[in-house]
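The values are calculated or read from the model by the stated rules, or taken from the named source; none is laboratory data. If you're wondering where the values come from, they're calculated on a predicted model, not measured in any experiment. Neighbour counts are summed over all protein chains in view; Cβ atoms, including those assigned to glycine, are modelled from backbone coordinates with ideal geometry. For the accessible areas, the whole protein counts, side chains as well, though only heavy atoms, and no ligand, DNA or RNA atoms are used. Shrake-Rupley method; radii C 1.70, N 1.55, O 1.52, S 1.80 Å.
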Amino acid sequence: MPTPDLTAAVGPPSSRERIVALDAARAIGVVAMVFGHTLDALLAPAAWAGDGMRLYWRARGLTAPLFMLVAGWAVVVSIRRGRARGAAVLRGRLPRALLLALIGATLRFPGWDLGGLRAGDTGPWAHLLAFDTLQTIGASILITAAVLSLPLRRREAALAFAALMLLAVALGLDPPRELPRPSAALLGIQALGGTSPFPLAPWTAYSLAGGLLGVLTPDRQARGTALAMVGAGGLLVAATAWQGIGTAPPASPPLIAFRIGALLLVLAALSALPARVAAAAAPVGRLSLGAYAFHVPLVYGWSTHPGLSGWLGHRLGLGAGLAVGAAVLAAS
């Protein structure tokens, strides 16, 4: 088999200048993630009563898709700027994917039922093997790297990402739900549905959309790229916004299309920021994994430790909740 020409697949490498939209989106994602989880865990029901908070709750649904889409885009940029070719592309991304899976599984460790784990009970094993954000992003990295390890031209790579996106959305429409005894079958069901909060289908669609964006976007930001994002994002939002987005299930194709469109509009706006913003935002974005791994157990608890949600409960007002969120962000 000939050695894949990745530069033909995703465009010629350029200078390593920061991509403003990518860095800014990562930083925004970290801040939105920490504040979103903190407010979700600690705010009293009365604090959610206002129209502004209800609107925020709908917008908060963009946080995980933002992380996943940006992860897909970043993998393409990294591969494009690297020297690896063919199978080396996939091997190079494997340690990162395994690290994400390990951290994700560790955060889901069901220390509250060690007896059930030892006895092979389905409940604690299903909890441990469920796919959360990190596991799904890790799998998405491998899928993206696998596509770019093939000898594909730009158009062929774009078609591959688009086809995989559609497959992820289609599989998410009817996910498996019946949980067997702990086995490889249980892991497979959790990967595609089951009780996972972020199963591969449909959630990898966002990372694959980021991969598609990376394939189609030149390394250097240009006005035409931002206009293309505005056009595609505006079209997706206009076509889907009327379909009850606020109440649609996560696997709803219109909701997925709406979120991708909204994120394209956000990225187009961020691309207009000056380059110095990228320099300021880049360190925050690079801390995203550490911030996630630290703040989730702090806010929601881990194993038998209750975390802030167990200590404080849903009883804080908005001001206090924002103050705690700022403290958690600073600690993270």
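Structure data summary
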| read-out | value |
| --- | --- |
| Given (1) open to solvent by 50 Å² or more (accessible area, probe 1.4 Å); (2) not in a helix (DSSP H, G or I), index of the condition Gly194 fails | (1) |
| Subset tally (residues that are open to solvent by 20 Å² or more (accessible area, probe 1.4 Å) and in contact with a helix residue (DSSP H, G or I) (Cβ under 7 Å, 6 or more places away or on another chain)) for segment 72-93 | 4 |
| Checking Met229 against (1) under 19 Å from Ala158 (Cβ atoms); (2) part of a loop (DSSP other than H, G, I, E, B); (3) not charged (D, E, K, R), the condition it does not meet | (2) |
| Count of segment 180-191 residues which are open to solvent by less than 60 Å² (accessible area, probe 1.4 Å), assigned to a loop (DSSP other than H, G, I, E, B) and within 10 Å of Trp125 (Cα to Cα) | 2 |
| Yes/no for Leu150 being assigned to a loop (DSSP other than H, G, I, E, B), aliphatic (A, V, I, L, M) and touching a residue at least 40 places away in the same chain (Cβ under 8 Å) | yes |
| Number of positions in segment 316-332 that are over 19 Å from Tyr292 (Cβ atoms) and either among the aromatic types (Phe, Trp, Tyr) or assigned to a helix (DSSP H, G or I) (or both) | 6 |
| Residue selected from segment 237-271 under the condition modelled with pLDDT under 85 and not in a helix (DSSP H, G or I), by the criterion most open to solvent (accessible area, probe 1.4 Å) | Trp242 |
| Test result for Leu227, farther than 27 Å from Pro45 by Cα, touching a residue at least 12 places away in the same chain (Cβ under 8 Å) and surrounded by fewer than 16 Cβ atoms within 10 Å (Cβ to Cβ) | yes |
| From Ser332, Ser303, Ser309, residue being in contact with a Gly (Cβ under 9 Å, 6 or more places away or on another chain) and either surrounded by fewer than 16 Cβ atoms within 10 Å (Cβ to Cβ) or over 18 Å from Met33 (Cα atoms) (or both) | Ser303 |
| Qualifying positions in segment 94-122 - basic (Lys, Arg), in a helix (DSSP H, G or I) and surrounded by 16 or more Cβ atoms within 10 Å (Cβ to Cβ) | Arg96 |
| Number of the condition not met by Ile143 [criteria: (1) open to solvent by less than 30 Å² (accessible area, probe 1.4 Å); (2) closer than 30 Å to His295 by Cβ] | (1) |
| Residue check, Ala162 surrounded by fewer than 20 Cβ atoms within 10 Å (Cβ to Cβ) and hydrophobic (A, V, I, L, M, F, W, C) | yes |
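Conditions tested, residue by residue: (1) without any contact (Cβ under 8 Å) to a residue 24 or more places away in the chain; (2) closer than 26 Å to Leu171 by Cα; (3) in contact with a strand residue (DSSP E or B) (Cβ under 6 Å, 6 or more places away or on another chain); (4) aliphatic (A, V, I, L, M).
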| position | (1), (2), (3), (4) |
| --- | --- |
| Ala241 | yes, yes, no, yes |
| Pro250 | no, yes, no, no |
| Leu264 | no, yes, no, yes |
| Ala275 | no, no, no, yes |
| Gly285 | no, no, no, no |
| Ala330 | yes, no, no, yes |
